[in-house]
1. Within the range 287-297, which residues are open to solvent by less than 20 Å² (accessible area, probe 1.4 Å) and either at pLDDT 75 or above or not hydrophobic (A, V, I, L, M, F, W, C) (or both)?
2. Quick check on my filter: what residues within the range 335-359 are assigned to a helix (DSSP H, G or I) and surrounded by fewer than 15 Cβ atoms within 10 Å (Cβ to Cβ)?
3. Yes or no: Leu390 at pLDDT 80 or above and open to solvent by less than 40 Å² (accessible area, probe 1.4 Å)?
4. Kindly indicate the residue of the range 10-22 that is exposed (fewer than 15 other Cβ atoms within 10 Å of the Cβ) and either small (Gly, Ala, Ser) or over 16 Å from Leu338 (Cβ atoms) (or both) and also modelled with the highest pLDDT among those meeting that condition.
5. If the Cβ limit is 9 Å and pairs must be 6+ apart or interchain, which residue in the range 36-64 that is modelled with pLDDT under 75 pairs with which residue that is among the charged types (D, E, K, R) and open to solvent by 50 Å² or more (accessible area, probe 1.4 Å)?
6. Looking at the range 411-433, is at least one residue in a helix (DSSP H, G or I), at pLDDT below 75 and surrounded by fewer than 22 Cβ atoms within 10 Å (Cβ to Cβ)?
7. Can you work out which of the residues in the range 218-248 that are hydroxyl-bearing (Ser, Thr, Tyr) and surrounded by fewer than 12 Cβ atoms within 10 Å (Cβ to Cβ) is modelled with the lowest pLDDT?
Amino acid sequence: MGIEALTGVLLVCIFFFFALGAQVGLALGGIAMGVGYMVWGDGLFNIIPSTIESTYFSFILLAIPLYIYMGQLLTKSGIGDAMFNFSQLIVGKVRGSLAISVIGVCSMIGAMVGIIGAGIMTSGSIALKPMLDRGYDRKLALGVIMAGGGLGILIPPSIPMIMFAASTQNSVGRMFLGAMMPALLTVFCLMAYVVISCWLKPEKAPLDEHQDDFVPHTPSERFRVIRDGLFSLLLIVAVLGSIITGIATPTESGAIGVMGAIILAILFKRFKWDMFRAAGLQTGTLVSVAMWIIFGASIFSNFHLLMGVQNMVADFTNGLDMPPIMIIIMFQLIMLLLGFIIDEFIIVLMCAPLFTPIAVSLGYDPIWFGVLMILNILIAVQTPPYGFALFYLKGIAPAGIGMGEIYRSVTPFVLINVFVLILCMVFPDIVLWLPNTVMDG
């Protein structure tokens, strides 16, 4: 069977099993093993031990459970609430302040946990109902929580970024630095949209006597909120700073983050054994799911690569006789379409080892291409019909808010992310200036 026909068979099988609702990791691994057995016979089983060794014995991937554990500790201990109150105190009493605070707190949570769900679940559970009760436009309220929550995969330390670096043998530190400017640009654009939108249509975020419900009034309350917020920011500095300065590897910085989250919970008198136990159990569940997905996707990717798909894609792109940037755009469209039906982890594991070498052969920096991939995924997870951010939001939305309304709320925020993606493609220094300055200077 030729590689073209084999690729077609694999894609048909993927869509078929995903349509049946099969578990992602088992489906991908099972498809690779089934098709591979028909192509290679018993020799196919040699791929399993090599995949296990490269997947589960990877020191970089050990960072994933540590960052997930840190995120669970922050969420379960209520430090996420403290971060929200700190953001609200800084923003003050302005039109749309709750929406701006949601974006700010999602940025801080995303900077610590690296996954989408924590930002959406924390900010949504705290701020969605108050925004709706105050008369905020429902589309604006839903949109800012979903857009802000998605920032978890763009703001370092990001789990998909770690996966990209591990699967393409690139520096995690450079990847984190490369994403910083696009992340800040995205946060700025989101906040600017809220301010301008509320200025043009004041009914989207009415001012009323309840505007400062979350703002502390007494000096002791203000001190506690500022203390909690500043210490939370110090944890971000410790996690990212230890990587950037070379003091710790990404995995070691994850351990620093876990210890920091525990210390903060104790200092803030939020540490309880039930919280500690719940965070551990939830982390174990999430890590188990993530590891099965990584294992199944790695088997699928390794089998496809061994069959020569990389040469097929390279020959295809060379045969197109297109400018290199058009090939990069084509890759972006392919990943965007994949993001409609599968989650961010699978996109990285399937596409990073396939597309990145081709992008490098065309003369592009792998860190630049990796950040474009993360920005692309950020758009995909917020896009109907199967964007995962949409389902996280639906899970905490009040009764009466249907998926149709959630779908409609996403449009302006997806366009903002597309705008940032285009800027980073046209001006690569937005991505490359910081890592080149800090790590090469």
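The values are calculated or read from the model by the stated rules, or taken from the named source; none is laboratory data. From a predicted model like this one, the values you see are computed outputs, not experimental measurements. Glycine also receives a Cβ, built like all others from the backbone with ideal geometry; neighbour counts cover every protein chain displayed. These accessible areas exclude ligands, DNA and RNA; they are computed on the full protein's heavy atoms, side chains included. Shrake-Rupley method; radii C 1.70, N 1.55, O 1.52, S 1.80 Å.
1. Gly296
2. Across the range 335-359, the qualifying residue is only Leu337.
3. So Leu390 does not fit the description; no.
4. That would be Leu20.
5. Pairs found: Ala63/Glu252.
6. no
7. Thr218
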